[in-house]
Amino acid sequence: MASRAHRPERRQEPLSRERIVSAAVELLDTVGEGGLTFRALAERLATGPGAIYWHLSGKAELLGAATDAVVTTTLTDDDTDATPQEAIRALALGVFDALDAHPWIGAYLARSPGRSTMLRVFERIGRQVQALDVPAAAQFTAASALLNYILGVAGQNAANAVNARTVQPNTDRTEFLDAVATAWAELDPDEYAFTRSVTDQLREHDDRAEFLAGIDLILAGLTARR
């Protein structure tokens with residue numbers, strides 16, 4: 001029998017706030033907010049719940065830290081050489097992609113509008129609105145409209161993806177949209193004349209492209225108003 005002195009010892013990475021948050025993001029992506037518990041997180045980290053509480057006070061703080069960790073990555077790009085329109089489009093796409101990859105973020109941000117993450121996104125948008133020379137009296141409205149559109153559409157897109165997988169788990173996006181469009185086409189032609197008229201666009205549209213088209217509409221309005 002080999003002596004204890006010669007046995008290789010497993011070294012575990014020290015438990016840190018960053019490691020806990022990273023594991024929480026992975027857990028949220030896998031099981032959603034409902035499955036995020038300190039017990040489940042402790043099992044993933046091979047530690048005890050008490051060790052996690054040493055770094056984070058509870059689930060609310062953990063969700064906030066996980067959200068900050070993901071969304072903050074969309075705010076680090078250097079946009080000093082970009083036009084205000086380009087900077088807003090890049091920021092919007094960053095948030096859209098973040099919520100698409102991590103659907104749980106949208107629901108959390110919707111009920112936590114005062115979080116520093118939201119304020120940082122709002123600040124970035126607001127500075128570009130100022131760079132567009134939007135009149136001072138309209139800057140709050142303009143920045144708020146952009147923020148609400150970005151979070152609203154990105155959050156709804158993420159929710160639609162989750163719903164599609166839940167309702168029809170073995171159906172891809174194209175098949176799901178085709179089924180919805182088919183249902184639209186069967187609506188009452190008098191009550192839903194417009195909805196029926198855009199069924200083909202529903203089948204063929206690209207969520208990301210439609211999202212950016214909406215950003216461009218808002219930016220065109222701001223530029224025209226200026």
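The values are calculated or read from the model by the stated rules, or taken from the named source; none is laboratory data. Here the structure is a predicted model, which means the values were calculated and not measured. Cβ coordinates were reconstructed from backbone atoms using ideal geometry, including for glycine residues, and neighbour counts include every protein chain displayed.
Sub-6 Å Cβ pairs linking a first residue in region 119-138 that is surrounded by 12 or more Cβ atoms within 10 Å (Cβ to Cβ) to a second residue that is part of a helix (DSSP H, G or I) and not hydrophobic (A, V, I, L, M, F, W, C), at least 6 apart or interchain, are Q128/P84; V129/Q139; A131/P84; L132/P84, ordered by first then second residue. Considered as a group, the residues in region 89-117 that are without any contact (Cβ under 8 Å) to a residue 24 or more places away in the chain and farther than 15 Å from F211 by Cβ include one that is surrounded by the most Cβ atoms within 10 Å (Cβ to Cβ), and that residue is P113.
Condition (residue is under 16 Å from the mean Cα position of the chain (by Cα) and either assigned to a helix (DSSP H, G or I) or on the phi < 0 side of the Ramachandran plot (or both)) applied to region 33-44: is it met by at least one residue? Among the residues of region 33-44, at least one is under 16 Å from the mean Cα position of the chain (by Cα) and either assigned to a helix (DSSP H, G or I) or on the phi < 0 side of the Ramachandran plot (or both), which makes the answer yes. Taken over region 26-49, the criterion of being within 18 Å of A69 (Cβ to Cβ) and buried (at least 18 other Cβ atoms within 10 Å of the Cβ) is satisfied by L27, L28, L36, F38, L41, L45.
In a residue-by-residue description of region 19-36, the property of being among the small types (G, A, S), in contact with a helix residue (DSSP H, G or I) (Cβ under 6 Å, 6 or more places away or on another chain) and at pLDDT below 90 applies to at least one position. V70 meets all of the listed conditions (1) more than 30 Å from S144 (Cβ to Cβ); (2) in contact with a helix residue (DSSP H, G or I) (Cβ under 7 Å, 6 or more places away or on another chain); (3) among the hydrophobic types (A, V, I, L, M, F, W, C) but one, namely (1).
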